[in-house]
Amino acid sequence: MPQPIVFYSAFGSPFSYVAAQMIEDVAAKHGRPVLWRPVRLSVVLKRHYPNGIAIPPDKLTYWHRDIARVCALRGLPFQRPPVIPPECAEAYHVCYAFGRHDPTMVRQVALALFQAIWGQGQALTTVEAIASALARFQLSRAQVLQAASDLYGQAEHEAAIQAAHDSGMIGSPWMVVDGEPFWGHDRLDYLDRWLAGNTEVVRGRG
């Protein structure tokens, strides 16, 4: 079986939201599976920046403007949530808990949460909000509450965070294939070229 593209994404990252809509098309073009690994970015980066990262207000303002432009150009709905960051650790636990017996559910749940946060402007900072966002899967509130506290989901998230850190993750989205990392939704073209065999060009030696 071909090696997968490991797709590390963060619900608090609108650029992960964009990449999440595109990654499967790039992978399918080259016959590669995608291994979805949502990770809470603040936890990953804390290992690099233990005192946190101070983003200048002007830069943050530009980012918000730019992501709205990116989504408009790609025909994606975009609505900025009222709370930044718009997610909590339980969102990640839920993904992995529901993917325990069906790994494809990690992708489906992740896409639903991305849509709720960045497509509809919801702040999923509570388990109740997560349950509401996943209602279209006909998952009961009780099921979501159970998944949010599931020890398996928590352990899988921790393992994903460690793997992301070990891969050198410095931002989201972060994609790794055949040992080569790519950072950002705007690097999907580079990933496409890499998978097509243009490895020397992507490495900057072509």
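For the range 120-134, taking the residues that are at negative phi and not hydrophobic (A, V, I, L, M, F, W, C), the one that is surrounded by the most Cβ atoms within 10 Å (Cβ to Cβ) is identified as Q122. Residue pairs whose Cβ atoms lie under 8 Å apart, sitting 6 or more positions apart in sequence or on different chains, and linking a residue in the range 82-107 that is on the phi < 0 side of the Ramachandran plot to a partner that is among the aromatic types (F, W, Y) and surrounded by fewer than 19 Cβ atoms within 10 Å (Cβ to Cβ), are Y96/Y152; A97/Y152; R100/Y152. Just one of (1) loosely packed, with under 12 Cβ neighbours inside 10 Å; (2) at pLDDT 95 or above; (3) not aromatic (F, W, Y); (4) not in a helix (DSSP H, G or I) fails for N51. It is (2). Taking each residue of the range 48-60 that is without any contact (Cβ under 8 Å) to a residue 60 or more places away in the chain and looking for partners that are surrounded by 10 or more Cβ atoms within 10 Å (Cβ to Cβ) with beta-carbon atoms closer than 7 Å, six or more apart or interchain, yields I53/L45.
Can we say V26 is outside any loop (DSSP other than H, G, I, E, B), at pLDDT below 95 and within 22 Å of L188 (Cα to Cα)? When the stated conditions are applied, V26 does not pass them.
If you go through the range 68-105 and keep only what is of a type in the set (D, E, K, R), out of contact with any helix residue (DSSP H, G or I) (no Cβ under 7 Å at 6 or more places or on another chain) and either within 17 Å of V44 (Cα to Cα) or modelled with pLDDT of 95 or more (or both), you end up with just R69.
Note on the range 71-110: residues that are under 21 Å from Q154 (Cβ atoms) and out of contact with any His (no Cβ under 7 Å at 6 or more places or on another chain) amount to 23. I'm checking my understanding of the structure. Among residues of the range 69-119 that are among the β-branched types (V, I, T) and surrounded by fewer than 22 Cβ atoms within 10 Å (Cβ to Cβ), which one is nearest to R37 (Cα to Cα)? The residue in question is T104.
For the condition in contact (Cβ under 8 Å) with a residue 40 or more places away in the chain, out of contact with any Pro (no Cβ under 9 Å at 6 or more places or on another chain) and more than 18 Å from L134 (Cβ to Cβ), P14 qualifies.
The values are calculated or read from the model by the stated rules, or taken from the named source; none is laboratory data. Small disclaimer: the values here were computed from a predicted structure and weren't measured. So basically every Cβ, Gly included, is an ideal-geometry build from the backbone, and we count neighbours across all protein chains shown.
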